[in-house]
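Comments concern the structure below.
The values are calculated or read from the model by the stated rules, or taken from the named source; none is laboratory data. Treat the numbers as computed from the prediction; the structure is a model and nothing was measured. Here the Cβ positions follow ideal geometry from the backbone for every residue, glycine too, while neighbour counts run over all protein chains shown. Remember, those area values only see protein heavy atoms, side chains included, never the ligands or the DNA or RNA. Shrake-Rupley method; radii C 1.70, N 1.55, O 1.52, S 1.80 Å.
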2 protein chains.
Amino acid sequence: LASWSPLASANDELLKLEKDPNQWTQPAGNYANTRYSKLDQITNKNVKKLQVAWTFSTGVLRGHEGGPLVIGNMMYLHSPFPNIVYALDLDKNGQIAWKYEPKQDPNVIPVMCCDTVNRGVAYGDGLIFLHQADAKLVALDAKTGKVAWSANDGDPTKGETGTSAPLVVKHMVLVGNSGGEFGVRGKVTAYDTKTGKQVWRAYSMGPDADTLIEPGKTTNLGKPIEADESLKTWQGDQWKIGGGTTWGWISYDPELNLIYYGTGNPSTWNPSQRPGDNKWSMTVFARDADTGKAKWLYQMTPHDEWDYDGVNEMVLTDQKIDGKDRKLLVHFDRNGFGYTLDRESGELLVAEKYDPAVNWANKIDVKTGLPDRVKKYSTEANGEDNNTQGVCPAALGSKDQQPSAYSPKTGLFYVPTNHVCMDYEPFKVAYTAGQPYVGATLSMYPPKGDDHLGNFIAWDATKGKIKWTIPEQFSVWSGALATAGNVVFYGTLEGYLKAVDAETGKELYRFKTPSGIIGNVNTYTHNGKQYIAVLSGLGGWAGIGMAAGLTGDTEGLGAVGAYKSLSQYTQLGGTLTVFALPD
Amino acid sequence: LASWSPLASANDELLKLEKDPNQWTQPAGNYANTRYSKLDQITNKNVKKLQVAWTFSTGVLRGHEGGPLVIGNMMYLHSPFPNIVYALDLDKNGQIAWKYEPKQDPNVIPVMCCDTVNRGVAYGDGLIFLHQADAKLVALDAKTGKVAWSANDGDPTKGETGTSAPLVVKHMVLVGNSGGEFGVRGKVTAYDTKTGKQVWRAYSMGPDADTLIEPGKTTNLGKPIEADESLKTWQGDQWKIGGGTTWGWISYDPELNLIYYGTGNPSTWNPSQRPGDNKWSMTVFARDADTGKAKWLYQMTPHDEWDYDGVNEMVLTDQKIDGKDRKLLVHFDRNGFGYTLDRESGELLVAEKYDPAVNWANKIDVKTGLPDRVKKYSTEANGEDNNTQGVCPAALGSKDQQPSAYSPKTGLFYVPTNHVCMDYEPFKVAYTAGQPYVGATLSMYPPKGDDHLGNFIAWDATKGKIKWTIPEQFSVWSGALATAGNVVFYGTLEGYLKAVDAETGKELYRFKTPSGIIGNVNTYTHNGKQYIAVLSGLGGWAGIGMAAGLTGDTEGLGAVGAYKSLSQYTQLGGTLTVFALPD
Ligand SMILES: O=C(O)c1cc(C(=O)O)c2c(n1)C(=O)C(=O)c1cc(C(=O)O)[nH]c1-2
Ligand SMILES: O=C(O)c1cc(C(=O)O)c2c(n1)C(=O)C(=O)c1cc(C(=O)O)[nH]c1-2
């Protein structure tokens, strides 16, 4: 017998599982992160009859992101800090088969920038992987909940935390990190699922040995990258506290054997303090799954001046552009542009505003990949201690962590968006490990003339065009689901689960869940019947005022003021609501 | 114009409101505490089609008792500590019209014996009355939520707290107190709704001037009471720390102008320390509403040895006994006997076990009112530091605070019950103000040969007979609702709302709410459609283990062990779930 290697083979179980629409085995539904389900019992014709089938309180308040996995008869549900994991036996009316509640130092709470969120657990090789707030990665026996192994992925005393969902690729579990507001250096690490030993680690910035960039081989929009290009874009050692954290979603193309993810904002938020392009913050990375080596990359917002983290999901689709079949990567960036790239070559094909309110740049040059910036909105040009007003989008972007969905039936993306602008005043800040390293005061509000903070849109990524728009009073902070029944689901911050027609966007159903929804809708079957599940539980950055009890308009990194009126609609509380058609 | 007097007149608005089944204007549905509704859109035929209409998280964990009031288009919902009150506008999809969140010293939490519960708010004279955990009574403008007045009803630093729902009678608001496990002396106080000034206060024990007993006039099973009879049943000043708190439900007969309620256990739980009958602990009181003067009383468990508080609801019904129309008072006591009295004269008509497991007494002599005690189960006879085993019911009684319902259509009572026995070991305890004054170690378990901890029963109070029994795995800690649709509703500790046929007890519908139910089901209409509403949120004495994070079997005054397996079924979290038939 050959000795165990995490790369030895594809994970046949996972590849098989992700093709079974009866289960929901990946945080994003599948490796391609499409959040699309082939289930079609619930359709645009009958969804109006949807009912709540059952509910489950997690016992935790504050923001509930992500959603449960369903593997066989078992549902695996996580909570925000303290990051409880429940295994609910669907054969026994959701009875709790096991519960895992880590003991974590609550001092991690104040170093989480945007609420005590967690975006979900991952499954693979008989284990459930939990990425704890305190940056520990824990492998739990899926049958018993017993800890198989755990690894310290980061140091929370330096402000490095965990909020993102892991992803199992082959026999490795991949995990990103959080802490861009604390000067943490971003990285993605692959661990052997069996032993918890590190297989590779790739930093977002630093020398090539750290970033796993191969000079001359790794490409940037088709051109080979120079040696240590990242280091040249930072002053001195600034890259060591340079941010570019990786707290979003990871996707995987098993055929190309590439993983994809984006990196976050450079630290600090005061751009004058960190001259240069700050590579590779704000960057889409395509890396070899086995080695972590960068195949290609593309920096969307060089030298960020607005906190436009590039971590939003990379959705992998196979679509025609100009009549040609292309392997695409589609990404709705915080900066308000929807990018379509060739996911094999890294070629930029389309980059268009997916919210017309976007004003910091006129457009993106698809050849150079560079934004055409509008000086008026440059917080660097206006300088320290000057308030740059009316920048759109706000720091939380035209979209934040809330993942979009893609339906191959309609060829459309369904994108939960923010419709928010901001004032941004940078100030000088000194770095102290474990202390906020932000350096800007923000306030947020709807675009001029508007009074709504969000839209749910359908997007054609081959053309870079909005197909339809559903205005929403608040940002849509929940992840969407598209199904073969031609229904698209999403949640609202007031707490509604909504179902709309995939073609027209017409609202077909709504239900008020116990709390605001920032979780991601998913679907599965049990005993042959299709269910829709969503976590409610107000929080996240948009809900930070209520989640953390903040009231000053510029508190919560500037988000509190804009979302204040949420308290008239909903309160905190983590509940899973599961829907089905009547028998 | 005559000067204002709280007694000047009946409260016409409240008398009118309680006759309108479209609203739910009293904590118990009506003054008679029947928890019966004339609404009949939802019937035993169609209830199987019931659906969840909407939900609302209170933002608070721990035990959610009571239920909302519905007055006009407004729903008034309360939470356990910190005792938030929400006004939800039913015309605006439950939008929060106002929220009142008192600032209370969290030191009150450890002096609440049985979780941080609150049994609801009361309405009257345009005000919402909230009885806070810290014993403050607050009057809120029903339209704005602004504080009209507040009164300190007790001293939480001495262990006196508030959990019970107030009741508005005429232009007075009546409120009981909690703290029997801290040597608090029970009392009911009437406040002027307009000014918050005290109108009368009646203690459970002490001199007649305190108890508002009129020697020679107030009767006990038809016989006049002697002067200062209470004082004679206590050693020295023990009555001052003698318990008999009044934390249950109050009912009112507008024609007789009498209010009814029961008093709790004598302090301490170690009976050897307090020789005598300990009057008037464990007593049903009928008092004149205007003056508080006692018309009649009846002590159910003289010299309690088991913590069988007499505070459970007094349900006022008009029924025939032996062919004669009687004005009845029906009461399911903690001690396991269902009592039927004449509510005008205080005559005891029926007293029978409503759980066959009851063993501390063989029967009650309806002439003398005295229980025929079984020596084996006498914790006094067995003495201090001796463990009396197998006493049924356990201290939490064959029923606790969870109110029953009565349907005039079937003539039956629907009673949520406990089916629990105990070991009870008294020990010597010294009184220190604000410290637990309990003096007994308990453990609880199902009756021998049984493995379920509860039953939901139908009871004929004219005969003292069980009509049918639905066994439940856990005690039924939620209040019942009976409707003219011949449906009876109740909740379970695992979190199910259940609907059963009022005649047969056949289960017709069940739904798993987010958390265990210890709230009380109610019903109302909005825009002509009937709704059923219930709070879930595990806690109360039965749920104290999970609510307070206790794990030792004898912790939580002995309740933790018996209910331990609840954690396999549900978790904490306060949610209102509202049901309706599909359109
Ligand atoms: O830079 C970082 O490390 C980091 C971490 C996180 C996070 O882990 O939640 C967020 C952000 N940044 C961020 O910029 C952001 O907008 C954000 C929103 C949320 C959320 O869950 O609602 N998290 C985060
Ligand atoms: O003696 C008292 O003052 C007192 C107060 C309370 C309360 O206020 O909740 C309870 C009890 N006793 C009690 O004996 C009891 O069984 C009980 C159960 C509950 C509950 O809400 O589940 N409260 C109380």
TODO: Name the residue, out of A:Gly552, A:Gly540, A:Gly558, A:Gly516, that is within 14 Å of another protein chain (Cβ to nearest Cβ) and among the small types (Gly, Ala, Ser).
DONE: A:Gly516
Open item on the list: Give all pairs with beta carbons closer than 9 Å in which a residue from the stretch A:75-96 that is within 24 Å of A:Ala548 (Cβ to Cβ) meets a residue that is part of a helix (DSSP H, G or I); count only pairs at least 6 apart in sequence or on separate chains.
Closed with: A:Pro80/A:Ala547; A:Phe81/A:Pro106; A:Phe81/A:Val108; A:Phe81/A:Ile109; A:Pro82/A:Pro106
Task: Total residues in the stretch A:11-32, condition in contact with a His (Cβ under 9 Å, 6 or more places away or on another chain) and at pLDDT below 95 - done: 1
Task: Single residue of A:Thr157, A:Thr163 found to be on the phi < 0 side of the Ramachandran plot and surrounded by fewer than 24 Cβ atoms within 10 Å (Cβ to Cβ) - done: A:Thr157
Open item on the list: Can you find, within the stretch B:488-510, the residue that is farthest from B:Tyr563 (Cα to Cα) among those that are among the aromatic types (Phe, Trp, Tyr) and open to solvent by 10 Å² or more (accessible area, probe 1.4 Å)?
Closed with: B:Tyr509
TODO: Could you please find all residues in the stretch A:325-345 being assigned to a loop (DSSP other than H, G, I, E, B), in contact with a strand residue (DSSP E or B) (Cβ under 8 Å, 6 or more places away or on another chain) and surrounded by 24 or more Cβ atoms within 10 Å (Cβ to Cβ)?
DONE: A:Asp333, A:Asn335, A:Gly336, A:Arg343
Open item on the list: Checking A:Val521 against (1) within 14 Å of chain B (Cβ to nearest Cβ); (2) touching a residue at least 60 places away in the same chain (Cβ under 8 Å), only one condition comes out false. Which one?
Closed with: (1)
Open item on the list: So, in the stretch B:511-532, exactly how many residues are more than 21 Å from A:Phe579 (Cα to Cα) and buried (at least 22 other Cβ atoms within 10 Å of the Cβ)?
Closed with: 7
- [ ] Take the residues in the stretch B:156-175 that are under 20 Å from the mean Cα position of the chain (by Cα) and within 17 Å of B:Ser267 (Cα to Cα), then tell me which one is nearest to ligand 1 (Cβ to nearest atom).
- [x] B:Thr161
Task: Check on B:Ala139, assigned to a strand (DSSP E or B), open to solvent by less than 50 Å² (accessible area, probe 1.4 Å) and over 25 Å from B:Thr268 (Cα atoms) - done: yes
Task: Condition met for B:Tyr76 (away from chain A (no Cβ under 13 Å), open to solvent by less than 30 Å² (accessible area, probe 1.4 Å) and in a strand (DSSP E or B)) - done: yes
Open item on the list: Let me confirm something: among B:Arg62, B:Arg35, which residue is open to solvent by less than 40 Å² (accessible area, probe 1.4 Å), of a type in the set (Lys, Arg) and at pLDDT 95 or above?
Closed with: B:Arg35
Open item on the list: Just to verify a result, which residue in the stretch B:228-245, among those that are outside any loop (DSSP other than H, G, I, E, B) and open to solvent by 20 Å² or more (accessible area, probe 1.4 Å), is nearest to ligand 2 (Cβ to nearest atom)?
Closed with: B:Ile241
Task: Qualifying residue in the stretch A:40-55 (condition: at pLDDT 95 or above, in contact with a Lys or Arg (Cβ under 6 Å, 6 or more places away or on another chain) and open to solvent by 10 Å² or more (accessible area, probe 1.4 Å)) - done: yes
Open item on the list: Take residues that are hydroxyl-bearing (Ser, Thr, Tyr) and tell me which of the strands (runs of 3 or more DSSP E) falling wholly in the stretch B:382-485 contain 1 or more.
Closed with: B:388-391, B:405-407, B:412-418, B:421-426, B:440-445, B:465-472, B:481-483
Open item on the list: Restricting to the stretch B:538-556, name every residue that is within 16 Å of ligand 2 (Cβ to nearest atom) and open to solvent by less than 40 Å² (accessible area, probe 1.4 Å).
Closed with: B:Leu538, B:Gly539, B:Gly540, B:Trp541, B:Ala542, B:Gly543, B:Ile544, B:Gly545, B:Ala547, B:Gly556
Task: Residue among A:Asp91, A:Asp20 that is open to solvent by 10 Å² or more (accessible area, probe 1.4 Å), away from chain B (no Cβ under 13 Å) and not in a loop (DSSP other than H, G, I, E, B) - done: A:Asp91
Task: Boolean, B:Tyr569 is aromatic (Phe, Trp, Tyr), more than 25 Å from B:Leu412 (Cβ to Cβ) and more than 16 Å from ligand 2 (Cβ to nearest atom) - done: yes
- [ ] For the stretch A:94-123, enumerate the residues that are within 14 Å of chain B (Cβ to nearest Cβ), closer than 23 Å to A:Leu167 by Cα, open to solvent by 20 Å² or more (accessible area, probe 1.4 Å) and not in a loop (DSSP other than H, G, I, E, B).
- [x] A:Lys99, A:Tyr100
Open item on the list: Restricting to the stretch A:46-72, name every residue that is assigned to a helix (DSSP H, G or I) and within 11 Å of another protein chain (Cβ to nearest Cβ).
Closed with: A:Lys48, A:Lys49
Task: Criterion violated by A:Asp210 - all others in (1) among the charged types (D, E, K, R); (2) under 21 Å from A:Pro82 (Cα atoms); (3) more than 16 Å from ligand 1 (Cβ to nearest atom) satisfied - done: (2)
TODO: Can you tell me which residue within the stretch A:124-135, out of those that are open to solvent by 10 Å² or more (accessible area, probe 1.4 Å) and within 27 Å of A:Ala533 (Cα to Cα), is nearest to ligand 1 (Cβ to nearest atom)?
DONE: A:Leu127
Task: Cβ pairs under 6 Å, 6+ apart, first in the stretch B:538-558 and closer than 12 Å to B:Pro80 by Cβ, second open to solvent by 50 Å² or more (accessible area, probe 1.4 Å) and within 12 Å of ligand 2 (Cβ to nearest atom) - done: B:Gly539/B:Arg62; B:Ala547/B:Arg62
Open item on the list: Take B:Leu535 and tell me if it is within 16 Å of ligand 2 (Cβ to nearest atom) and open to solvent by 10 Å² or more (accessible area, probe 1.4 Å).
Closed with: no
Open item on the list: Can you tell me which condition B:Thr43 does not meet? The list is (1) more than 10 Å from chain A (Cβ to nearest Cβ); (2) free of Cβ contacts under 8 Å to residues at least 40 places away in the same chain; (3) not aromatic (Phe, Trp, Tyr), and all the others hold.
Closed with: (2)
Task: Qualifying position, being crowded, with 19+ Cβ neighbours inside 10 Å and on the phi > 0 side of the Ramachandran plot, among A:Asp307, A:Asp322 - done: A:Asp307
